[in-house]
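Shown next, in structure tokens, is the structure this report addresses.
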Amino acid sequence: MGGAAAAWVMAGWATLSVLSGSALAQERTPEELERQALAILQARCVACHGESKRESSLDLRTAATALRGGESGPAIVPGSARESPLHARIAAGEMPPDGQPAVTPDELAVLARWLDTGTFTANDDAARQAWTRRLDHWAFQPPREQQLPEAASPEDTSPVRDAIDAFVLERLAREGLAPAPLADKRQLIRRAYFDLIGLPPPPERVEQFVADADPQAFARLIDELLASPQYGERWGRHWLDVARYADTGGFETDVYFKNAWRYRDYVVKSFNDDKPYDCFVQEQIAGDELWPDNLELEGAYAMPPAKVRHLEALVGTGFYALGPEIHESNMDGAKLRYERLIDWVDTTAAAFLGLTFACARCHDHKFDPFTQADYFGLQAVFAGSKVIQTPIVNGMEIADQKQHYPTILAVEEARRAYRLFEQSLAGRQPTAAEERRRQELRDAISAAVLAIPERATSTPSTPFDGLLEVPTVTVLGHERTMLVPEVHVLGRGELARPKQVAPPRLPAALAQATGAAVDLQPGQETRKQLALWLTRPDHPLTARVIVNRVWGWHFGRGLVSTPNDFGHMGQPPSHPGLLDWLARDFVVGGWSIKRLHRAIMLSRTYRQSSAFATSQHLATDPDNRLLWRMNRRRLEGEAIWDALHSVAGTLNPALGGKPVMPPLVNEELTNKAAWVVNADPQQHVRRGLYVIVRRSFRFPLFDIFDAPVNAVSCAGRDCSTVAPQALWLLNNQVAQQQSCQLAARLVRESGPSDPAAWLERGWRLAVQRAPSEEERSETWRLLEAPLRDADTSLPAGELPAELAQLPPAQAAGLMDFCLALVNLNEFLFID
């Protein structure tokens, strides 16, 4: 601090020292109030937080340095004493330290009034401007109404089909760049199929689309795919990345979540139903509070439709019931609760708001206008909530189940009889008669288990799952006590350092942007208040964030390339006007995801080729942020699994249900008993969506093809290129088995004696086109190579019947051809 400033502060303190306590409480001009406040800080605080000593890197000599703060972020929040950590520390008696003169109540009142006014002198203009810049960030302002730009440049003859193209082509024209030509129809139908349902198009549908000259053919194709139940499976998988979905808790013991799959199926159904996104958000955050209900019947077996709908909303809150869980944390209730609150707040902010709100847990956010008070205020929104298991069947079905309870007792008694017999042997070898007795007891156990009815209900609605236990769903409920547990702001985010109580509240900067009150009404419905605020039409982030995600899942990158960080450290939008136009149109259009798909996919921007580049394009925009062509995208691990089984003709299209565990080959698990392979082989060829998602052991194919880390919300999947990917596709038993099944399919569909037809059909199944002359020639060489190898032989017992009837050398050549097809880059990439 300069000499003049120091003299000014000391003069202020000299004046202050002669005033009475009552005089301190009198109203002053802002300038006088600030002089008084800074004088108090000079007298009480700068010994530890001044020029010679700055504990925690905090300097309290001026308002500017206090606002800049120290290790824990800004010490003051302009306009709010209650949110200012400095005021909280002083009011709690934590500052000044013991042995130093304490701040008097009158002095504390002066500091509070100064902070509440939010008025600083000219010396602190920079501090005010820095805070204002945080608040003025584009993402914290509601989307603005946009005027559609002019069409493309005069030399660009490409038609502007819609608003999306208007924004994109105008931006390209400013850079002097021409857009790519349109993709051909074979590329376009492959792109649409993989984008919307995650599967390759059948060759017959490809030829039908290519031959259809109607300008509306592509629009009809989009509607056809959006109506497919497989659409929800494809787009549900995208959202499950955001929701950090898993069937287990992770860490060493990787505890099992037996009901997580019900949330997965809820997500799939929501996408298939085109549930309005605002409702989708509301259900996940507060379905139980917005639509409270019970499952009581009303004089008939059938559940009233409204109650079925409300149960679905309740299942949506499973979003919060499947986060990571440390097994040992259950030994400390406070620690477990805090870990869950951290997960819930961090995931809520990342998934729905696209913010790195977690940064405000240990200190005020370094870049965005969010304080620790904001962070723990959002934790307080969830403070009265807890994870519960609740039945999903009505009382009549539960009563029906009770009548079968003796069958459960029969299993227990049969098992007890067997254990008693084992004990009677006392370690000796049984006689022949005793061995028969042992087998009879084992058979009795099997018979008792098989006697348990698979459907333990007389009602015509929900069957029970296997053994007689009441089906439940894991969701959010409320603490039984009427008192909501208190949440405290925590020093450095450490549970052992509680500070002031944090009431339930919205992040102040975002509340201000929507004109909403910061503080929520306390009680048991704070999540309801949060959900309704998040889905306001004028909310600055909710619509922008989901529109950006959908765009990114279509193009490989969002208009904002950091979809979980819309803050100051995230990337700005490449087309801000387009993002705002899409967000506003999305809300006006009823928050419909399917309507958004249609708008994006019918644009020229989406339909352009990915195979286009010039030196000018590469020099001006090498990353294609301006969308002068379509991005080339590789399939995710689950989509590769699905495509592999689809072209082989083995994919089981069953929807929903418990996760499946296909056989593992040479993969080691710490706990092998945790991987229970399904007895039904048809379960082994379900879609990748249904393969169990363990946090401590990822399914090998998905792992090597960049499955996301699902301890936190996934902003976007990586796309690496590493050797194990090629090795898996060449050598893994699954890849080889499915190549064998594809070979059998070619023989089955094209006849056992027509290799030329196998060749043509194979290419069309795998990559939706006929081979080039060079590819046809190479394929013939591959098919004929084993015929020249006299030692070629295959064990007929391991082959499908279609291949067993062929000469071994011919079968081997055909299988090699099919394995080569699924190893093509063209098979693995959408374009």
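The values are calculated or read from the model by the stated rules, or taken from the named source; none is laboratory data. Every value quoted in this text rests on a predicted model; they were computed, and no experiment measured them. Here the Cβ positions follow ideal geometry from the backbone for every residue, glycine too, while neighbour counts run over all protein chains shown. Note: areas computed on protein heavy atoms with side chains; ligands, DNA, RNA excluded. Shrake-Rupley method; radii C 1.70, N 1.55, O 1.52, S 1.80 Å.
Table for the structure above
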quantity: Charge dipole (the range 253-391, unit charges on Cβ, about Cα centre) - positive-most of 352, 255, 267; calculated: 255
quantity: Extension reserve of the residue 116-residue 571 stretch, reckoned as 0.36 nm per residue once the Cα distance is removed; calculated: 160.4 nm
quantity: Cβ-based charge dipole, the chain, positive-most Cα from 688, 102, 762; calculated: 102
quantity: Cα-projected label distance for residue 214 with residue 426, points at 7 Å along beta-carbon direction, nm; calculated: 8.6 nm
quantity: Distance from the range 501-561 to the range 333-393 (C-alpha centre basis), Å; calculated: 13 Å
quantity: Residue 798-residue 416 FRET efficiency (beta carbon distance; Förster radius 51 Å; 0.05 resolution); calculated: 0.70
quantity: Folded to 0 to 90 degrees: helix 30-44 orientation relative to the chain principal axis, Cα; calculated: 80 degrees
quantity: Efficiency of FRET from Cβ geometry, residue 727 and residue 805, R₀ 45 Å, rounded to 0.05; calculated: 0.90
quantity: Summed residue charge, Cβ within 15 Å of residue 491's Cβ, Lys/Arg positive, Asp/Glu negative; calculated: 0
quantity: Backbone N within the range 578-613 under 19 Å of label point (7 Å from residue 825 Cα along the Cβ vector); calculated: 609-613
quantity: Relative contact order, percent, the chain [alpha-carbon distance under 8 Å, six or more residues apart]; calculated: 15 percent
quantity: Extended-chain gain in nm, criterion 0.36 nm per residue less alpha-carbon gap, residue 326 and residue 782; calculated: 158.9 nm
quantity: The range 584-732: proportion of alpha-carbon pairs further apart than 21 angstrom, %; calculated: 62 percent
quantity: Carbon and sulfur %, accessible surface of the chain computed with the full protein complex present, 1.4 Å; calculated: 55 percent
quantity: For the chain, accessible area per residue (1.4 Å probe, heavy atoms of protein chains only), Å²; calculated: 44 Å²
quantity: Cross-link reach list, lysines versus residue 672, counting only Cα pairs under 26 Å and skipping chain neighbours closer than eight places; calculated: 258, 658
quantity: Count of lysine pairs in the range 262-398 with Cα separation under 28 Å (8 or more residues apart, or interchain); calculated: 7
quantity: Estimated dipole of the chain in Debye, rounded to 20 [Cβ of Lys and Arg +1, of Asp and Glu -1, Cα centre]; calculated: 440 debye
quantity: Label selected from [x] 29.0, 99; [y] 32.8, 111; [z] 35.1, 124, the criterion being Rg and Dmax of the Cα atoms in Å as computed here; calculated: [y]
quantity: Nearest-ten-degree value, helix 637-648 long axis tilted from longest Cα axis of the chain; calculated: 20 degrees
quantity: Span from the the range 613-642 Cα centroid across to the the range 242-273 one, whole angstrom; calculated: 31 Å
quantity: Computed helical MRE - 222 nm, the chain, DSSP H runs ≥ 4 contributing -39500 (n - 2.57), nearest 500; calculated: -14500 deg cm²/dmol
quantity: Convex hull per residue volume in Å³, alpha carbons only, for the range 176-260; calculated: 168 Å³
quantity: For residue 608, distant residues with modelled amide H under 5 Å away; calculated: 183
quantity: Efficiency of FRET from Cβ geometry, residue 671 and residue 335, R₀ 35 Å, rounded to 0.05; calculated: 0.90
quantity: Set of the range 347-373 residues, backbone N closer than 16 Å to the point 7 Å along the Cα-Cβ line of residue 94; calculated: 360-365, 371-373
quantity: Added length on full extension, which subtracts the Cα-Cα distance from 0.36 nm per residue, residue 609 to residue 223; calculated: 136.8 nm
quantity: Formal net charge of residues neighbouring residue 187 (Cβ-Cβ distance under 11 Å; K, R +1; D, E -1); calculated: +4
quantity: Degrees between helix 105-117 axis and first principal axis of the chain (Cα, 0 to 90, nearest 10); calculated: 60 degrees
quantity: Pairwise label distance in nanometres, residue 492 with residue 148, each label 7 Å out on the Cα-Cβ vector; calculated: 5.8 nm
quantity: Cleavage-rule hits (GluC sites (Glu not before Pro)) in the range 227-321: DSSP loop, at most 15 neighbouring Cβ within 10 angstrom; calculated: 252, 296, 298
quantity: Cβ-placed point charges (K, R +1; D, E -1), dipole of the range 274-424 about Cα centre in debye, nearest 20; calculated: 360 debye
